[in-house]
There are 2 protein chains.
Amino acid sequence: MGTKHTGSASEVRALDAYIKLMRAADSVTARVTRALAKHDLTISQFGVLEALLHLGELHQNELGQKLLKSSGNITLVVDNLEKRKLITRERSSEDRRFVWVRLTKTGEAFIKTVFPEIVPVITDSMVVLSPFELEKMAEYLRQVGQRAAGPA
Amino acid sequence: MGTKHTGSASEVRALDAYIKLMRAADSVTARVTRALAKHDLTISQFGVLEALLHLGELHQNELGQKLLKSSGNITLVVDNLEKRKLITRERSSEDRRFVWVRLTKTGEAFIKTVFPEIVPVITDSMVVLSPFELEKMAEYLRQVGQRAAGPA
DNA sequence: GTTAGTTAGTTTAATACTAAGATAATCAGT
DNA sequence: ACTGATTATCTTAGTATTAAACTAACTAAC
């Protein structure tokens, strides 16, 4: 979105912040995507493995909420990880609507090597900010994200 | 990415900011996507029309750089807008590698009604921040985006 | 218990996107 | 002029994503 729009000052500020938000997200995502491609992983697949590593077994439902992806998409992402034997699926016996997703031994070893390789890719994008600035930015983004996630 | 990762303080800060960045971008994008769907527009299509409205005629190349999309994708996006007669294509006579993309009368009228409808969708996501905070966030995001867009 | 409503997951169809390669036009150096 | 490198666009093939429709399983109310 160009800066040529002539609206009120607050409109201009908001639109400018929007552009910067999208560009930053796109650029960081592109970097992470490239780094993950070496391991034949998409960001969503990485997100699933990482969540399982740090949070333990989860339902597909929980994974979908965590990654902000549709249930249909989670089905596919988990399918692909299952084919590579990085995770297992098991239908819950207590409530048969749920499916437990768990890391296999292989999957755990795999994500334990990939994760530390991705961390510096992310941190490097942030080194331009001081600790204080980084925390401020995170807090601002949290508020914006929460607002945007709200109704309408 | 969960908060369970135990790394250095600066790693934790950077990863947390990364999560917040992605969530905010996803949430705002989802809102804008829904608003544009009413007009059968994708975000990329809207981006092209908006750029043409505020910057005038552009080459596909310039559009690709502006929207951070691949040249192949721009071809498709412009194709679809051309089919709806919202833009025209014309190969440059000075340098025949370039293709000029311009708004048609219809396209200009169209984006002039859609744009003011999208602005409040964006600004509403930002109202939780003061003008000062919004400008700070934009500046931080600009720096992060520029860093991430850089080499490797 | 039966019915109605909700929730989890899967399937299907359509779309957007990228990467890689092909084509064509231009430019720089000889 | 000729060669090689660069640039812009288009094409192709493959993947990720969503929305919507569907099945299955649970819950609550009567």
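Of note:
- Criterion applied to A:ARG96, A:ARG23, A:ARG34, A:ARG89 was being at the interface with chain B (Cβ under 9 Å from one of its Cβ atoms), open to solvent by 60 Å² or more (accessible area, probe 1.4 Å), charged (D, E, K, R) and within 12 Å of DNA strand C (Cβ to nearest atom), and the one residue passing it is A:ARG34.
- Test: residue in the stretch B:18-36 that is part of a loop (DSSP other than H, G, I, E, B) and modelled with pLDDT of 90 or more: no
- The combined condition, being more than 8 Å from DNA strand C (Cβ to nearest atom) and among the hydroxyl-bearing types (Ser, Thr, Tyr), is not fulfilled by A:THR75.
- Here B:GLY64, B:GLY47, B:GLY56, B:GLY145 are screened, and the one residue that is within 16 Å of DNA strand D (Cβ to nearest atom), open to solvent by less than 40 Å² (accessible area, probe 1.4 Å) and touching a Ser or Thr at 6+ places or on another chain (Cβ under 6 Å) is B:GLY64.
- When residues of the stretch A:52-68 are limited to those that are assigned to a loop (DSSP other than H, G, I, E, B) and either within 12 Å of DNA strand C (Cβ to nearest atom) or more than 14 Å from the chain's Cα centre (by Cα) (or both), the one nearest to the other protein chains (Cβ to nearest Cβ): A:GLY56
- Residues within the stretch A:118-135 that are more than 9 Å from chain B (Cβ to nearest Cβ) and without any contact (Cβ under 8 Å) to a residue 40 or more places away in the chain, tallied: 2
- Subset of the stretch B:118-131 (residues that are open to solvent by 40 Å² or more (accessible area, probe 1.4 Å) and not hydroxyl-bearing (Ser, Thr, Tyr)): B:PRO120, B:ASP124, B:VAL127, B:VAL128, B:PRO131
- Residue in the stretch A:105-117 that is at the interface with another protein chain (Cβ under 7 Å from one of its Cβ atoms), modelled with pLDDT under 95 and crowded, with 16+ Cβ neighbours inside 10 Å present: no
- Residues of the stretch A:69-86 satisfying the condition of being away from every other protein chain (no Cβ under 14 Å), near DNA strand D (Cβ under 7 Å from one of its atoms) and not aliphatic (A, V, I, L, M): A:SER71, A:GLY72, A:ASN80
The values are calculated or read from the model by the stated rules, or taken from the named source; none is laboratory data. This structure is a prediction, so every number in the text was calculated from the model and none was measured. Virtual Cβ from ideal backbone geometry, glycine too; neighbours counted across all protein chains shown. Side chains included, ligands, DNA and RNA excluded: accessible areas come from the protein's heavy atoms. Shrake-Rupley method; radii C 1.70, N 1.55, O 1.52, S 1.80 Å.
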